[in-house]
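Written out below as structure tokens is the structure these notes cover.
The values are calculated or read from the model by the stated rules, or taken from the named source; none is laboratory data. Just so you know, these numbers come straight off a predicted model, no measurement behind them. Using ideal geometry, Cβ is built from the backbone for each residue, glycine included, and neighbour counts are taken over all protein chains shown. Heavy atoms of the whole protein, side chains included, go into the accessibility calculation; ligands, DNA and RNA do not. Shrake-Rupley method; radii C 1.70, N 1.55, O 1.52, S 1.80 Å.
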Amino acid sequence: MKFKFWGVRGSIPTPGPQTVKYGGNTTCIEIRTDRNELIILDAGTGIHTLAQTLLKDMPITAHIFITHTHWDHIQGLPFFIPIFFKNNRITIYGGLDPVTGENINRALSAQLQYSYFPIHEAQLKARIDYMTIRPGETVSTGSARITPIILNHPVLNFGYRVDCDGSSLFFTGDFESPANIYQSEDDDYESYRFFLGEKHQEIIKAMNGVDALIVDSSYTDEEYAIRVGWGHGTYRSGIKLADEAKAKRLFLTHHEPTRTDADLDLIYQGLLEQHPQFADKLFIAREGLEVCL
């Protein structure tokens, strides 16, 4: 199994001369099994660039797993060119939102409404199927097994573990480690603390021993101090997860939109100095980076 980053940016695309090295597209990761089966994690603007490489291989079969439906993770779906050609088969996977009661089919159909896009959903030529998935229930796509787990973010959000060809990876999507909502003197403080501890162990178990851990690390500790509750992790929290889960390699992604190439280089250098034990297994995700597991 191998994977490739096509989008590593969070919140909004950031093209320009200061983001050339790491890239300015929003989240999209391509996975290929040893049998060349295609799995895609999230459909940010990076999926458009990925699509250009697939045209020569059509007809294609693609399995697209959406972590959550915030814009930066779905805004590339209408620009995934294979949906416009017959004989292509696209399956889009996602959860049932407990607040809105909507399935994942809403992610594409909403974007193809008259007010937002010039082409109607009925005009798409590919076969497009939607599959609602549930936490902890493994989905098999060819030789790969994909297991979703709910992670903390201000919307229904899945992290995905992918097991295939004797290798494994885990992608968090957007993730902020939750804090206790009660004060220490509140009656519910201890019970909620126990709940958070159990949930944390569930997450570490899902990530345990993966060959690659890909995590949302949007902020420095200083930035996070004024962004608590926004739903994103830090560089420190990402390293902590990798350490606890005994992940073999860690890839930090979902770069904050104002972060320049120079900023990321400086942050990376600082992380390696602070955590020398991660010297050979810590990486800053960048567009075009391909990893064989």
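When you scan the stretch 145-157, do you find a residue that is in contact with a helix residue (DSSP H, G or I) (Cβ under 8 Å, 6 or more places away or on another chain) and basic (Lys, Arg), even just one?
No: zero hits.
Could you tell me which of the residues Val139, Val99 is surrounded by 14 or more Cβ atoms within 10 Å (Cβ to Cβ) and either among the hydrophobic types (A, V, I, L, M, F, W, C) or free of Cβ contacts under 8 Å to residues at least 40 places away in the same chain (or both)?
Numbers: Val99 fails: surrounded by 14 or more Cβ atoms within 10 Å (Cβ to Cβ).
None of the others qualify; the one that does is Val139.
Say whether the condition of being among the aromatic types (Phe, Trp, Tyr) and closer than 20 Å to Ile12 by Cα is met by at least one residue in the stretch 198-219.
yes
Name the single residue, out of those in the stretch 142-184 being open to solvent by 60 Å² or more (accessible area, probe 1.4 Å) and of a type in the set (A, V, I, L, M, F, W, C), that is nearest to Thr61 (Cα to Cα).
By that ranking, first place goes to Ile150.
Looking at the stretch 19-40, can you tell me whether even one residue there is at pLDDT below 95, touching a Ser or Thr at 6+ places or on another chain (Cβ under 6 Å) and surrounded by fewer than 22 Cβ atoms within 10 Å (Cβ to Cβ)?
Checked against the condition, which is being at pLDDT below 95, touching a Ser or Thr at 6+ places or on another chain (Cβ under 6 Å) and surrounded by fewer than 22 Cβ atoms within 10 Å (Cβ to Cβ), the stretch 19-40 yields no hits at all.
Please state which of the following conditions Arg286 fails to meet, knowing it meets all the rest: (1) assigned to a loop (DSSP other than H, G, I, E, B); (2) in contact (Cβ under 8 Å) with a residue 60 or more places away in the chain; (3) surrounded by fewer than 16 Cβ atoms within 10 Å (Cβ to Cβ).
Unmet condition: (3).
Being touching a Lys or Arg at 6+ places or on another chain (Cβ under 6 Å), open to solvent by 30 Å² or more (accessible area, probe 1.4 Å) and of a type outside the set (D, E, K, R) is the filter here; which residues of the stretch 237-272 pass it?
none
Let me confirm something: among Ile149, Ile90, which residue is in contact with a Ser or Thr (Cβ under 9 Å, 6 or more places away or on another chain) and of a type outside the set (D, E, K, R)?
When all the criteria are applied, what remains is Ile90.
Can you name every residue in the stretch 185-221 that is open to solvent by less than 70 Å² (accessible area, probe 1.4 Å), in a loop (DSSP other than H, G, I, E, B) and charged (D, E, K, R)?
Within the stretch 185-221, Asp186, Asp211 meet the criteria.
Mind listing whichever residues of the stretch 212-234 are under 18 Å from Phe278 (Cβ atoms) and over 16 Å from the mean Cα position of the chain (by Cα)?
Matches in the stretch 212-234: Thr220, Asp221.
Give the residues of the stretch 1-27 that are basic (Lys, Arg) and either over 23 Å from Asn88 (Cβ atoms) or part of a loop (DSSP other than H, G, I, E, B) (or both), sorted by residue number.
Correct list: Arg9, Lys21.
Would you pick out the residues in the stretch 106-136 that are open to solvent by 50 Å² or more (accessible area, probe 1.4 Å) and polar (S, T, N, Q)?
Residues satisfying the conditions are Gln113, Ser115, Gln123.
Could you please let me know if Leu50 is in contact with a Ser or Thr (Cβ under 7 Å, 6 or more places away or on another chain), within 26 Å of Val210 (Cβ to Cβ) and free of Cβ contacts under 8 Å to residues at least 60 places away in the same chain?
So Leu50 does not fit the description; no.
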